[in-house]
């Protein structure tokens, strides 16, 4: 999941509240008590998180680890008693990629093991490399690249660190204060009028993109052996991403390891002091091109009301992760909570009037591919706003993908009619710390695919804990960063929201339909 984005909206919760007095929400106290008892006292959420992380391993898009997780979750949802569990293809994605071996160390002027992992979709080294390094700084002009001509052949290229790490400030685990939550529920400040894109800034971005391409081409043509880079991190963590496209026809790149900034900066300081530096490294990576499709895992609790069972309430989170760790907070936590929510509903014998459908999305980290294509295939196309029959049948979608923190409330996504409903649903959960409804938007995760075609899609507000900058897309995103009590609480909140939505007499209210949005070129 990409970084949380808050966008102010016109309208406020205060304006929406009078609606609550007109239509009182029915809250089934006995059902909530059962949900809470099961979720707090007989939870399986940490067991589920263990199988998603330690057992399945890293779950990069179309990797072996993601296939293991998809197969396990399908089996587990079936064992919970859900129906129609399936691993559904959503369309073409691209090559799979897995790491079989990775090692990097400084061997001169002294030996020191370094922390890093290959960038996704980069090739293997031709065996063990033990070579001198050369530091290559970011280029602002083509002339800046010329100084490296004839100096890269047979070298391991160390890229300059664009932003050295700063010491961390504040508590290790960050939780929302009461004042912060209160401010989120207040009217948001008006958004400034959109400015016309600055032509000079756009031209500068295009120039930088062209220079990066020329730099990559130069590394290949000059005969560099491999690349070491750092994109961020602190205290032994490093951020990870892809070093090449996942498309089946992507052009070749060099082997590249992404490292902790501290290790990278040591190498740079030594080279700049005139001290010869040598690095030993080896990577073995494997591409999978036989099956280029992406997949989602889907299962259902069938509805029991003759008139309403054809309508659907959905919940979900993305099951894929990055590859330098086991993707615990991003997003095994969200998947484990959603799976626990449906387990709770089955274990307590709830009989939802509407069908409840869980979806575990694939390929979110590369652009919300799993959810966007599921919506396009089943509900409608945001580029044309041509809707399919199932669009009318979906009541709401609930998402979890902001780390492993407890739920503190929900983003109403600008839906003024729904805000007072959510406020009522949260009242029995006040002692659990879930109290806040904000009309503000939050973006960059899978509920956006639903919102884009006018369907009610929502992300919960979660305590940040150490998500930024410690675990999000880093090598420290492991099971050990999960807090059992937080995930238990989140499971109870989600199960209650989903059950309430499935039991209402009416579907959840919708915002006005958006205008068609053509995808960015």
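A few points about this structure:
- Using a Förster distance of 22 Å, the FRET efficiency for residue 160-residue 203 (Cβ separation, nearest 0.05): 0.40
- Cα gyration tensor shape of the stretch 360-433, rounded if a/c is under 1.5, else prolate or oblate by comparing a/b with b/c: oblate
- Using the Cβ-Cβ distance between residue 213 and residue 485 with R0 set to 51 Å, the FRET efficiency from 1/(1 + (r/R0)^6) comes to roughly 0.60.
- Axis of helix 29-41 versus longest Cα principal axis of the chain: the two differ by about 30°, to the nearest ten degrees.
- From helices alone, the chain scores -8500 deg cm²/dmol at 222 nm; the rule is -39500 (n - 2.57) for each run of n ≥ 4 DSSP H residues, then divide by the residue total.
- Degrees separating the helix 333-347 axis from the principal Cα axis of the chain, which is the longest one: 30
- For the peptides 361-367, 166-172, the ranking by packing is 361-367, 166-172, with the highest mean count of neighbouring Cβ atoms within 10 Å listed first.
- Global form of the stretch 99-287, assessed from the alpha-carbon gyration tensor, a/c cut-off 1.5: prolate
- Across the stretch 283-441, C-alpha contacts under 8 Å between residues 6 or more apart give a mean separation that, scaled by the residue count, equals a relative contact order of 26 percent.
- Between 0 and 90 degrees, the angle of helix 261-272 with respect to the longest Cα principal axis of the chain falls at about 20 degrees.
- Global form of the chain, assessed from the alpha-carbon gyration tensor, a/c cut-off 1.5: prolate
- Relative packing of 239-252, 312-325, which averages over residues the other C-beta atoms within 10 Å, highest first: 312-325, 239-252
- With the simple model of a label 7 Å out from the Cα in the direction of the Cβ, residue 278 to residue 391 spans 6.5 nm.
- Relative packing of peptides 110-120, 46-56 - highest average C-beta neighbours within 10 Å first: 46-56, 110-120
- Once you reduce the stretch 461-477 and the stretch 391-442 to the center of their Cα atoms, the two points are 21 Å from each other.
Throughout, read-outs are computed from the coordinates displayed, never taken from laboratory work. Model, not experiment: these values are computed from the prediction. Cβ coordinates were reconstructed from backbone atoms using ideal geometry, including for glycine residues, and neighbour counts include every protein chain displayed.
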